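One structure is given below, encoded as C-alpha cells.
The values are calculated or read from the model by the stated rules, or taken from the named source; none is laboratory data. Nothing here was measured: the structure is a model prediction, and the numbers come from that model. Because the Cβ atoms are built from the backbone with ideal geometry, glycine has one as well, and the counts that use them run over all protein chains shown. Heavy atoms of the whole protein, side chains included, go into the accessibility calculation; ligands, DNA and RNA do not. Shrake-Rupley method; radii C 1.70, N 1.55, O 1.52, S 1.80 Å.
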Amino acid sequence: MHYSSCPRLESVHIVWSEPDPPSDSLFKFLHHVIESKSTVGRRVKLKFDINKEDSLNNRFIEIKDLETDAVFSIDDDVIFPCSSVEFAFDVWQSAPDTMVGFVPRVHWVDSLEGNGNKFRYGGWWSVWWTGTYSMVLSKAAFFHKKYFKIYTNEMPASIREYVTKNRNCEDIAMSFLVANATDAPPIWVKEPVGVILIPPP
C-alpha cells in the first residue's frame, strides 16, 4: 500500500485470483494502511477485483467503475518511489495512447529459424548490451484504461489462451497490443535510485 501516499493516486485495485476470497482482516488491515498514508482531505479507494478463474489475463480485465484514464500496472514484488511514479505519469500525460514504463525488453528476428516470422526475446541484459529496447512490460507501467477492453474483447483469443495455459507473456501481449493500436513505440522511463525489489516468500 506504499502507493497510497502518492499525491495523485485515485484508487487501488488488487487483482485477486486466489481460490478463497480475501479475508475481512486483510481488507481491514489494508484499508487502515491506506487511510494512514493518505493526506488530509484526500481519500484513496481500495477495491479487490475478484476473479473465479486463475489466469494472468485477469490483470487486464476491464474495470467498470474506474474513474481515471491512466492505469499504473504494478507487480507485487517491486516498489517504486512516488517521485518516480509521478514523473512517469507526467510523461504518460504527454503521450496518453502509448505505454510508459520502467521495465524495458527487446525482441528481434531470429535469423536461424523460420522465414522472418520467428523472434527472439531479450531480457534486461540484452537491453543493456545493445542499448535498445522494443517493449516495456506491465510489471510497472502506465497505459490508458481503454486497453483493458481491447485486451479482453478484441485481442485474438488464441493469445489469451496461450497466456492462461503457460501462465506467462501477458505483459508482452499488452505491450504489443498497445504498440499495434498506436503504431508507435513504448516509452521507457529509466529505473530510478530507490527501487525496492521484494524477494518471494
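General observations
- Here the 3J(HN,Hα) profile of the range 11-22, calculated from phi with Karplus coefficients 6.51, -1.76 and 1.60 at θ = phi - 60°, is 7, 10, 10, 9, 7, 10, 10, 7, x, 9, x, x Hz, Gly and Pro shown as x.
- Heavy-atom accessible surface of the chain: percent carbon and sulfur, 1.4 Å: 56 percent
- Counted over the chain, the DSSP beta bridges are approximately 65% antiparallel.
- Pair Trp128, Gln93: separation of 7 Å Cα→Cβ label points (nm): 3.3 nm
- Unpaired by the 4.7 Å Cβ criterion, cysteines found in the chain: Cys169
- Percent RCO, i.e. relative contact order, over the chain, from Cα pairs under 8 Å lying at least 6 residues apart: 26 percent
- Links that overshoot a 20 Å alpha carbon limit, given the list Lys139/Lys190; Lys64/Lys146; Lys47/Lys145; Lys45/Lys145; Lys64/Lys149; Lys37/Lys149: Lys37/Lys149
- All Cα pairs of the chain, percent lying beyond 31 Å: 20 percent
- Accessible area per residue for the chain is 61 Å², calculated with a 1.4 Å probe on protein heavy atoms, without ligands, DNA or RNA.
- Short-range pairs are left out: with C-alpha atoms under 8 Å and at least six residues apart, the relative contact order of the range 1-115 is 29 percent.
- Annotation note: trypsin sites (Lys or Arg not before Pro) in the range 33-69 located in DSSP loop regions with a Cβ neighbour count of at most 14 within 10 Å are Arg42, Arg43, Lys52, Lys64.
- Candidate aspartates and glutamates - alpha carbon under 17 Å from Lys118, same-chain residues fewer than 8 apart omitted: Asp110
- For the listed peptides 138-150, 118-130, a ranking on the average number of other beta carbons within 10 Å per residue, highest first, reads 138-150, 118-130.
- Distant-in-sequence amide contacts of Val12, defined by a placed amide H-H separation under 5 Å and a gap of 5 or more residues or a different chain, comprise Lys45, Leu46, Lys47.
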